[in-house]
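The values are calculated or read from the model by the stated rules, or taken from the named source; none is laboratory data. Note that the structure is predicted; figures quoted are calculated from it, not measured. Positions of Cβ are generated from backbone atoms using ideal geometry, with glycine treated the same way; all protein chains shown enter the neighbour counts.
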Amino acid sequence: MTSFTALTEQYTGVAPRPISFTSWADAVRRSVLSFDFDCDRPDRFTGRVRDRHLHGVSFVDMASGRHAAYRDHHTIRPADAGFYVLTLQLAGEIRIAQDGRAALLEPGLFALYDSGKPATLTVGDGYRSTCIRFPKTAITPRQDDPLAELTARPFACGPGLTDTVWSAVLSVNRNLESLGVHGPAAVRSLMALVGTMLRGELGHHVPAPSRHDDLLERILGHIDAHLADADLGPGPIAAAHFLSPRALHILFERTGTTVSRCIRERRVERCRLDLADPALTQVPAAAIGARWGFPGASHFGQVFKRETGLTPAEFRRRTLAGPVETGA
């Protein structure tokens with residue numbers, strides 16, 4: 001496909017060094033979702049993972065050998081639910097099964113799967129992909145999830161809208177660290193494009209974002225910009241947008257979450273990034289929590305463990321333990 005060849009010229013490859021199967025599994029669990037894994041020859045397996053996060057969206061580049069990944073009701077944690085993963089196949093093959101459907105992806109095809117439902121991913125040799133993980137609320141605030149029928153269906157990246165959207169995804173991914181203060185706005189615009197593409201793939205009309213959706217988007221941007229403020233909460237947020245606290249809570253009810261939970265999840269995500277940053281190893285975990293608005297070390301530790309299953313110290317130790325390097 002000529003268009004796809006031109007598109008993938010933007011992709012420069014997965015930068016990190018090869019890692020072992022165990023390290024790969026840990027990296028995927030941290031950057032994408034919790035999975036159980038299976039591999040016929042783990043001693044011969046090598047993989048690469050690069051992940052970055054901005055404005056609630058994870059950009060993940062992967063390359064690996066043959067393996068399988070599973071999610072069932074025992075694997076899916078409450079913190080994992082509420083996301084979509086959209087993946088574009090760059091090389092090799094992957095079979096994604098969910099909702100009674102299965103999508104076989106070859107280079108140039110992409111598919112969507114839901115973090116809150118069981119899924120099986122079967123990966124062949126020479127696998128390479130780029131994907132984004134994003135909250136469902138980045139696409140639609142509706143609780144009835146109108147995109148559910150798109151999961152595990154293959155779509156082609158061809159001339160027109162899909163090429164435009166994936167060009168934008170790869171471009172933002174490539175330039176993420178250089179976007180600076182414009183990063184959150186760029187990611188918000190990118191997700192608007194992704195939403196347009198996915199609604200188009202439905203083949204029927206989905207209501208365009210309403211003024212309530214636009215207001216919610218502005219409020220989410222406000223939350224991201226003020227996460228470091230320990231006093232950030234429903235009252236100040238409502239006042240900043242000329243709303244009553246009740247009106248703010250009603251607005252968030254449509255998304256299936258609350259204002260306070262939204263703030264908490266975004267703060268934990270920022271702390272995860274800082275705790276995983278080798279350049280910040282000398283910064284105490286409590287200081288990182290305070291940097292993102294947690295008022296005390298004890299409170300930060302309790303919230304972080306409830307959301308991730310690990311204490312901040314355990315998460316940092318596992319993340320920075322260092323992958324085992326194997327052959328190229």
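Taking the conditions (1) modelled with pLDDT under 90; (2) over 18 Å from ALA276 (Cα atoms); (3) surrounded by fewer than 17 Cβ atoms within 10 Å (Cβ to Cβ) in turn, ALA15 satisfies each one other than (2). Output yes when any residue across the stretch 50-61 is among the basic types (Lys, Arg) and within 12 Å of the chain's Cα centre (by Cα), and no when none is. Yes, the stretch 50-61 contains a residue that is among the basic types (Lys, Arg) and within 12 Å of the chain's Cα centre (by Cα).
Look at (1) loosely packed, with under 12 Cβ neighbours inside 10 Å; (2) among the acidic types (Asp, Glu); (3) outside any loop (DSSP other than H, G, I, E, B); (4) modelled with pLDDT of 90 or more and you find that ASP214 fails only one, number (4). For the stretch 230-252, the criterion of being in a helix (DSSP H, G or I), within 22 Å of SER115 (Cβ to Cβ) and not assigned by TED's automatic domain parsing to the domain that holds SER58 is met by at least one residue. Selection of the stretch 196-208 for residues being closer than 22 Å to VAL169 by Cα and either at pLDDT 85 or above or surrounded by 15 or more Cβ atoms within 10 Å (Cβ to Cβ) (or both) yields THR196, MET197, LEU198, ARG199, GLY200, GLU201.
Somewhere in the stretch 84-104, is a residue at negative phi, aromatic (Phe, Trp, Tyr) and in contact with a His (Cβ under 8 Å, 6 or more places away or on another chain)? Looking for residues that are at negative phi, aromatic (Phe, Trp, Tyr) and in contact with a His (Cβ under 8 Å, 6 or more places away or on another chain), one finds none in the stretch 84-104, hence no.
Being small (Gly, Ala, Ser) and exposed (fewer than 13 other Cβ atoms within 10 Å of the Cβ) holds for only one residue in SER260, SER244, and it is SER244. Taken together, the residues in the stretch 253-305 that are small (Gly, Ala, Ser) and either closer than 13 Å to LEU232 by Cβ or not in a helix (DSSP H, G or I) (or both) amount to 5.
The set of residues in the stretch 71-96 being buried (at least 16 other Cβ atoms within 10 Å of the Cβ) and farther than 20 Å from LYS136 by Cβ consists of GLN89, LEU90, GLY92, GLU93, ILE94, ARG95. Would you check if VAL181 is surrounded by fewer than 19 Cβ atoms within 10 Å (Cβ to Cβ), outside any loop (DSSP other than H, G, I, E, B) and modelled with pLDDT under 90? When the stated conditions are applied, VAL181 passes them. State all residues of the stretch 273-302 that are at pLDDT below 90 and in contact with a helix residue (DSSP H, G or I) (Cβ under 7 Å, 6 or more places away or on another chain); if no residue qualifies, say none. Across the stretch 273-302, the qualifying residues are ASP274, LEU275, ALA276, LEU280.
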